[in-house]
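What follows is a short report on a single structure.
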Amino acid sequence: MNDQAMGLRSTAAVNPKVRVIAVSSGKGGVGKTTISVNLSMALAEAGQHTLLLDADLGLANVDVLLGLQPRYNLSHVLAGECGLKDTILEAPHGLQIVPAASGKEQMAQLTTVENAGLIQAFSQLKQNVDVLVIDTGAGISSGVTTFVQAAQDVMIVALNEPASITDAYALMKVLSREHGVSRFQIIANQVRSDSDGRNVFDNLRRVAERFLDVQLVHFGNIPHDDWVRRAIRKQRAVVDLYPNSVAAAAFRALAGKVLEMPAPQGARGNLEFFIERLVAPPAARSLA
């Protein structure tokens, strides 16, 4: 595990520009937030300055998964009670968290103007950030698509179940046809074998090739591992609490793939690129 972490840190040193990753899913209950948390922590462990934004604005639970107790969250930012920097929590390995509100209906139904206000708050954030991971809500609401379409990389989490695959395809269809997103990285979660994960990807690829003009990449598999469930019960990330588990190794493998990706084009440091893409029309985003 230490050798793998050292290897990730050496790779991280060659990628100085901020990367924005959205992690999303067509339906809830597929482990999207668990993947967001553990991928983010694996990146932080590798030496990346990583900021995890909980963008599931109505049903936020990143802070719960990590046993954190925020004083402020994004609802306070929108209400003008604090700045975005005041919400930031620190998790193990230096991972920074921006929590959202949970159980507040108005947060799940933000207007376009309110979403823009939330985005504008990022322009005043001076933290040194290498990777911004966005844990979006599930489904196809505007709160989801607003954040997904602003990311450079879009990761879709799916299970090897018909409902999960159908809903993942529906999300990609909306993002592709209505918001100009043309590339998706597929993560198969809770797989029993590599072939199980490959089935998830192949099922999505077949239907996408037939009906959508998109590129799909099989980014990786997260195995079914009881240590993940144990870590969740203890409100910890599995990569931190059980670093030698099979799942922890899989999350570090995902982090390694992120660090091997080409440096973002057009990014100028901090979160300028993210903000610009959030306010840009879809055509401009596709050219960025």
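General remarks:
Condition check ((1) of a type in the set (Ser, Thr, Tyr); (2) under 15 Å from Lys32 (Cβ atoms)) across all residues:
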site: Thr136; (1), (2): yes, yes
site: Gln149; (1), (2): no, no
site: Val154; (1), (2): no, yes
site: Leu159; (1), (2): no, yes
site: Ala168; (1), (2): no, yes
site: Met172; (1), (2): no, yes
site: Glu178; (1), (2): no, no
site: Ser182; (1), (2): yes, no
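- Subset tally (residues that are crowded, with 20+ Cβ neighbours inside 10 Å and modelled with pLDDT of 80 or more) for the stretch 131-143: 8
- Filter result for Val37 (open to solvent by 20 Å² or more (accessible area, probe 1.4 Å), of a type in the set (Val, Ile, Thr) and at negative phi): no
- When residues of the stretch 1-26 are limited to those that are more than 15 Å from Gln152 (Cβ to Cβ) and at pLDDT 85 or above, the one surrounded by the fewest Cβ atoms within 10 Å (Cβ to Cβ): Gly26
- Any hit, the stretch 164-172, residues being over 26 Å from Leu132 (Cβ atoms), assigned to a loop (DSSP other than H, G, I, E, B) and open to solvent by 20 Å² or more (accessible area, probe 1.4 Å): no
- Any hit, the stretch 201-216, residues being crowded, with 22+ Cβ neighbours inside 10 Å, assigned to a loop (DSSP other than H, G, I, E, B) and touching a strand residue (DSSP E or B) at 6+ places or on another chain (Cβ under 9 Å): no
- Selection status of Asp202, out of contact with any His (no Cβ under 7 Å at 6 or more places or on another chain) and modelled with pLDDT under 95: no
- Total residues in the stretch 173-194, condition assigned to a strand (DSSP E or B) and open to solvent by less than 50 Å² (accessible area, probe 1.4 Å): 7
Table: residues versus (1) buried (at least 20 other Cβ atoms within 10 Å of the Cβ); (2) within 26 Å of Ala253 (Cβ to Cβ).
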position: Gly47; (1), (2): no, yes
position: Asp54; (1), (2): yes, yes
position: Arg71; (1), (2): no, no
position: Leu78; (1), (2): no, no
position: Thr87; (1), (2): yes, no
position: Ala91; (1), (2): yes, yes
position: Pro99; (1), (2): yes, no
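The values are calculated or read from the model by the stated rules, or taken from the named source; none is laboratory data. Worth saying up front: this structure is predicted, and the values here are computed from it rather than measured. No Cβ is skipped: glycine too gets one built from the backbone with ideal geometry, and neighbour counts run over all protein chains shown. Quick note on the areas: whole protein, heavy atoms, side chains included, nothing else; ligands and nucleic acids left out. Shrake-Rupley method; radii C 1.70, N 1.55, O 1.52, S 1.80 Å.
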